[in-house]
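So the structure is just underneath, and the comments pick up after that.
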Amino acid sequence: QVQLVESGGGLVQAGGSLSLSCTASGSIFGFNAMGWHRQAPGKQRELVATVTRGGNINYADSVKGRFTISRDNAKNTVYLQINSLKPEDTAVYYCYLSYMAGTGWGQGTQVTVSS
């Protein structure tokens, strides 16, 4: 079983930046991908960014050019640098890790962008 611990959320003004991190621990056998989803109030959870085992990176169209995902394999950690924040980026951000046994999720970290 895998455990994911996120950090880095908070309150920021529009146009500002935040950096999120997520560290995985436990039995991570057959790693496939790691990344971030988010869920805004009253909306479905959506994929924000992901990085695969092979290093391929994908972003949601709404965050391209503003969000940057990176991974430190040695630390089992994934990062999300968020720039040019908009009020519509306000959401709970969840880290996930996909591996052979399934998908693990973090507890979520709140990002609130004030206008």
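The values are calculated or read from the model by the stated rules, or taken from the named source; none is laboratory data. Remember, predicted model here, so these are calculated numbers, not experimental data. Backbone-built Cβ (ideal geometry, glycine too); neighbour counts: all protein chains shown. What goes into the accessible areas is simple: the full protein's heavy atoms, side chains included, and nothing from ligands, DNA or RNA. Shrake-Rupley method; radii C 1.70, N 1.55, O 1.52, S 1.80 Å.
With a 1.4 Å probe and all protein chains left in place, how much accessible area per residue does the stretch 62-115 have, in Å²? Before the final figure, lay out the partial values.
Numbers: 2580 Å² over 54 residues.
With all protein chains present, the stretch 62-115 gives 48 Å² per residue.
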Query - Rg over Rh, two decimals, the chain (C-alpha only, Kirkwood Rh) - result: 0.96
Query raised in the report: How much length is gained if the chain between A60 and E88 is pulled fully straight, taking 0.36 nm per residue apart and subtracting their Cα-Cα distance, in nm to one decimal?
Result: 8.7 nm
Requested in this report: Write down the Kirkwood hydrodynamic radius of the stretch 22-90, to one decimal in angstroms, obtained as one divided by the mean of 1/r over all alpha carbon pairs.
Outcome: 13.1 Å
Report task. Report the calculated FRET efficiency for Q44 and S19 (r = Cβ-Cβ distance, R0 = 35 Å), to the nearest 0.05. Result -> 0.90
